[in-house]
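One structure is given below, encoded as structure tokens.
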Amino acid sequence: MTSSDEEYGHLAPLLEQYASLDEDDPAREALREQLVTGYLPVAEHIARRFANRGEPLDDLVQVATVGLIHAIDRYSPDRGTDFFSFAVPTISGEVRRHFRDLGWSMRVPRRLKDLHVAINSAVAQLAQDLGRAPKPSEIAQHLDVPLADVLEGLEASEAYRSSSLDEMLSSEQGSATLGELVGEADAALDRVEFRQTLRPLLGELAERERLIVMLRFFGNMTQTQIAEKVGISQMHVSRLLAQTLERLRDRLDPETRDG
Amino acid sequence: MEVRTAASAALIPTIRAVASDLAARADFDLDAISDLRMAVDEACATLVDLAAPASTLTCIFRVQAERIEVSAQVQAAESGTTVSTDTFGWRVLQTLADHVEAQHSVNGGVPVVGIQLDKRAGDLPR
């Protein structure tokens, strides 16, 4: 990137100097400010890429700037990577996290959000260790928090809906396609007598929703197993499954009501 | 524990919240909590569709060691009404619950339809 060399080339030595200073060196503060100001256009550029998703650009720039500060603080030139290849993912990660926090459809206290994140990762870890979904008591023990807090946190999870950005990220992550995964379940579907009415409706679903429904109801997999296979969290599977069932029920109802 | 509401779809979220709270407090594993929640949702939605106008939906939850029994009932709109078991909804119930049964009876001349389901605290590791 020649343009960035011209624009930011003078900052590279400052970065090295900043990284080499001791944490309590009084010179750090001024240097840091100079760096943040100098690299600010990078943060603004990334923030603009996330615009038009229902969030004010000013907020996004602010979040991206926080990401930039993290990047400047954590960058170590002696690792041999250049600053941009470190800073760009760090800054976009910060903006993504901001969108993830917005995925709450109800105002939930920060403490509960953090607990939700902690519970989510505890669930993933425990599911792997136990080979099944964990119980609230096991999560409480793992996180060393009171059981009442876990119950509260699980309740708060019900107020969460994934934002569209989140959906986008997780489908990026799940690289497996429906065709690759479904195989066996498809055969089971053929034996279902009401497939005539169900199949067209399943066809209308997004690929991932369809896959989850098929694996759960025709492949007889648990939510935890599906989560592992599709590459999203058990709670996300639970939410998608509940949403999809509701949608299917609405669509199926007129045909089955008379039956 | 018994929950009685108007047989209206708008109240189903309350009933399923009760179901998932009971399961969480009974220390069901997360899959089982979520399954029970969806099963109660499905059962209630099925019954509300069959209910007589202005009738009552009754849900009885019995929390046993390692399992919860749910029994949901409504007064049916007409005599001879049954819960159909060849639907996708029934398939969903069979998958989510460990045992599910459709019931119908006549109580004091009023036809009653119900769904009974059992959910264990956790699946055996497979």
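What follows is calculated from the coordinates using simple rules that are stated; it is not laboratory data. Note that the structure is predicted; figures quoted are calculated from it, not measured. Neighbour counts are summed over all protein chains in view; Cβ atoms, including those assigned to glycine, are modelled from backbone coordinates with ideal geometry.
Test of understanding: ordering B:101, B:66 by Cβ neighbours within 10 Å, fewest first, what list do you get? Don't skip to the answer; put the middle values down first.
On the way: B:101 14, B:66 11.
Listed from fewest to most nearby Cβ atoms, that is B:66, B:101.
Go through region A:200-206 residue by residue and turn each phi into a ³J(HN,Hα) via Karplus (6.51, -1.76, 1.60, θ = phi - 60°); whole Hz please, and just put x for glycine and proline.
Result, rounded to whole Hz: x, 5, 4, x, 7, 6, 4.
For a quick protection proxy, order the peptides A:216-229, A:127-140, B:4-17 by their average other-Cβ count within 10 Å, most packed first.
Working: A:216-229: 22.2, A:127-140: 19.1, B:4-17: 15.4.
Highest to lowest by the protection proxy: A:216-229, A:127-140, B:4-17.
Mind pulling the angle between the C-alpha long axis of helix B:30-50 and the longest principal axis of chain B? Nearest 10 degrees, somewhere in 0 to 90.
With rounding to tens, the tilt is 0 degrees.
Once you average over the residues of B:11-18, how many Cβ atoms of partner chains fall within 10 Å of each Cβ?
On the way: counts 0, 0, 1, 0, 0, 2, 2, 0.
Mean inter-chain Cβ contacts per residue within 10 Å come to 1.
What area, in nm² and to one decimal, does the C-alpha convex hull of chain B cast on average over all directions?
On the way: hull surface 30.3 nm².
Computed as one quarter of the Cα hull surface, the answer is 7.6 nm².
Can you return the lysines within cross-link range of residue B:119? Criterion is Cα-Cα under 16 Å, with same-chain partners fewer than 8 residues away left out.
In chain and number order, the partners are A:135.
Would you calculate a helix-derived [θ] at 222 nm for chain B, using -39,500 (n - 2.57) for each DSSP H run of n ≥ 4 and dividing by the full residue count, to the nearest 500? Spell out each step's value before the answer.
Values: 3 runs with 44 residues, N = 126.
Theoretical 222 nm ellipticity from helices: -11500 deg cm²/dmol.
Taking R0 as 22 Å, what's the FRET efficiency between residue B:98 and residue B:62 from their Cβ-Cβ distance, rounded to 0.05?
Details: r = 14 Å, r/R0 = 0.64.
The value I calculate is 0.95.
What FRET efficiency would be calculated for the residue pair residue A:152, residue A:97, taking the C-beta separation as r and a Förster radius of 25 Å, to the nearest 0.05? Spell out each step's value before the answer.
Numbers: r = 22 Å, r/R0 = 0.90.
Calculated value: 0.65.
On average over all directions, what projected area in square nanometres does region A:107-160 have, based on the convex hull of its Cα atoms?
Values: hull surface 13.4 nm².
One quarter of the hull surface, i.e. the mean projection, equals 3.4 nm².
At R0 = 25 Å, how high is the FRET efficiency between residue A:36 and residue A:110 if r is their beta carbon distance? Nearest 0.05 is fine. Don't skip to the end; give the middle numbers.
Working: r = 25 Å, r/R0 = 1.00.
E between residue A:36 and residue A:110, to the nearest 0.05, is 0.50.
Counting other C-beta atoms within 10 Å, which of B:59, B:44 has the fewest, and how do the rest follow?
On the way: B:59 25, B:44 29.
Fewest to most other Cβ atoms nearby, the residues stand as B:59, B:44.
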